[in-house]
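The values are calculated or read from the model by the stated rules, or taken from the named source; none is laboratory data. Here the structure is a predicted model, which means the values were calculated and not measured. Positions of Cβ are generated from backbone atoms using ideal geometry, with glycine treated the same way; all protein chains shown enter the neighbour counts. All accessible areas refer to the heavy atoms of the entire protein, side chains included, with ligands and DNA or RNA removed. Shrake-Rupley method; radii C 1.70, N 1.55, O 1.52, S 1.80 Å.
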Amino acid sequence: MNPTDSSAVDSGGYVFAAATEADLPRLIPVLRAFYEVEHLPWNEPALRRALSVLIGDPNAGRLRLILRDGEIAGYFVLGFCFSLEFGGRFGLLDELFVLPAHRGGGLAKRALSEVETLCRAEGLDALRLEVNDDNAHARGIYERAGYVAHPRRLMTLWLQA
């Protein structure tokens, strides 16, 4: 599959579809739910700007909706980054969220497979992600999928006040 193709259907009837600007009104409430669960600061104007970049610039990454019968079941954001440690470009799974009604059937695992497929199609050799220390359930999903924790601490300096 070409990484810019609009959708791929998995065996469970879920569709992984490239998001468009027209999807934002129905995606924003799902994003808000994720941000509430993860205790992330909500800044809708900044979020909309970032989403528009993902939708409009394939070099930035991919924004995929996880759909079932046309309704959003979740989404993921894959960003493209650069690191000498990883030999150049690598993928960063920035967000992966499955709505509660769709959990428990392996959808997160299928989404991870879709992310990996997108990365391989881009010629990337590494895929990283962040997970909160207190989210044992998500950590378990990632560990079972082969992700390994590194003994490093992620640090951030915000450049805008």
Karplus couplings for region 53-70 from phi (6.51 cos²θ - 1.76 cosθ + 1.60, θ = phi - 60°), rounded to Hz, Gly and Pro as x?
5, 4, 6, x, 10, x, 6, 7, x, 9, 10, 10, 8, 9, 10, 9, 6, x
At 1.4 Å probe radius, can you tell me the per residue accessible area of the chain in Å²?
61
Of the heavy-atom accessible surface of the chain (probe 1.4 angstrom), what whole percent is carbon and sulfur?
54
Peptides 21-31, 117-127: what's the order by average Cβ count within 10 Å, highest mean first?
117-127, 21-31
Protection proxy ranking, peptides 71-78, 104-111, 37-44, average beta carbon neighbours within 10 Å, highest first:
71-78, 104-111, 37-44
Gyration tensor (alpha-carbon) shape descriptor, region 37-126, a/c threshold 1.5:
oblate
In whole angstrom, how far apart do the alpha carbon centroids of region 118-137 and region 91-108 sit?
12
